[in-house]
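The values are calculated or read from the model by the stated rules, or taken from the named source; none is laboratory data. These figures come from a predicted structure and were not determined experimentally. Quick reminder, even Gly has a Cβ in these numbers, built from the backbone with ideal geometry, and neighbours come from all protein chains shown. We work out accessible area using only protein heavy atoms, side chains counted, and drop any ligands, DNA or RNA first. Shrake-Rupley method; radii C 1.70, N 1.55, O 1.52, S 1.80 Å.
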Amino acid sequence: MTKQSELSWVAVGRTRIGTHEVKGAKHSPLVLSMWDVSFKATGQKTWIKDDETAWCGGFIGYCFAQENNQVLIEHIPKDFYRAKSWANSGTALKKPAYGCVVVFSRTGGGHVGIVVGKDKHGNIMVLGGNQSDAVNIKPFSTSRVLAYRWCGTQKNPLASRYDLPVLDSNGKVSTNEA
């Protein structure tokens, strides 16, 4: 996507690529700020105070809340910190579109991210938090997808957003985001 056509929530997420957990007793101030922003957007008081709690949902909430656009904020589920809660947000899609929320199954729970492309191996490329304890873009197998959801300012994505850009990838898919 060109900079001019970049979706605001994707642009916000991209600015956080490289953010990672801090091992040990200290915690990443950036991860903690994502929790704070997401809880505030949903009218709740922050109760998560570490970066060890799975934070993929907090990252997605942060991406939507940062734009301070009420339409985007309304898509953030009250229990955004549970990845699978995002499977009921926005509009259901039958296939991935650039910028849509994607919800995955995983052992012990779920995972949530934003579709930003595909690779030549048939995987979708996902911008997400808590992917190897960091914000990054990784390939995911479509066999793990529970839902694709459009949470934009319009009810549905533009038709052109279904034409996913092909991104470089070694084809090694993410298997556990806990």
Share of carbon and sulfur in the accessible heavy-atom surface of the stretch 1-128 [1.4 Å probe, %]: 51 percent
Net charge contributed by nearby residues that have their C-beta within less than 9 Å of V31 (K/R +1, D/E -1): -3
Where Lys and Arg each count +1 and Asp and Glu each count -1, what net charge lies around F64 among other residues with Cβ under 12 Å from its Cβ? -1
Just the number, please: percent antiparallel of the DSSP beta bridges in the stretch 33-178, rounded to the nearest 5. 95 percent
Neighbour net charge for D163 - beta-carbon separation under 14 angstrom, K R +1, D E -1: +3
Each residue of the stretch 26-31 in turn: what ³J(HN,Hα) in whole Hz from Karplus with 6.51, -1.76, 1.60 and θ = phi - 60°, glycine and Pro shown as x? 7, 10, 5, x, 5, 5
I'd like to check one number: the per residue accessible area of the stretch 65-111, probe 1.4 Å, reported in Å² as a whole number. 48 Å²
Mean separation of Cα contacts under 8 Å (at least 6 apart) over the residue count of the stretch 33-103, i.e. the relative contact order in percent, is 28 percent
Within 10 Å, count the other beta carbons around each residue, average over each peptide in 145-154, 24-33, and list them highest first. 145-154, 24-33
Got the relative contact order for the chain handy, in percent, Cα pairs under 8 Å and 6 or more residues apart? 22 percent
Give a residue-ordered list of calculated ³J(HN,Hα) values for the stretch 42-57 (Karplus: 6.51 cos²θ - 1.76 cosθ + 1.60, θ = phi - 60°; whole Hz; x for Gly, Pro). 9, x, 10, 8, 4, 10, 8, 10, 9, 10, 8, 5, 3, 10, 4, x
Could you work out how much longer the chain between N68 and A92 gets when fully extended? Use 0.36 nm per residue separation minus the Cα distance between them, nm to one decimal. 6.3 nm
Most positive-pole-ward Cα, A159, A83, T42, against dipole of the chain from beta carbon charges: A159
Run lengths n ≥ 4 of DSSP H only: what is the helix-derived mean residue ellipticity at 222 nm for the chain, with -39500 (n - 2.57) per run over all residues, to the nearest 500? -5500 deg cm²/dmol
Eight or more residues apart or on different chains, and alpha-carbon atoms under 23 Å: count the Lys pairs in the stretch 1-83 matching that. 8
If amide hydrogens are placed 1.01 Å from N in the peptide plane, which non-local residues have theirs closer than 5 Å to the one on A97? none
State, as an integer percentage, the relative contact order of the stretch 75-178 based on alpha-carbon contacts under 8 Å between residues 6 or more apart. 32 percent
Cβ charges +1 (Lys, Arg) and -1 (Asp, Glu), total dipole of the chain, debye: 340 debye
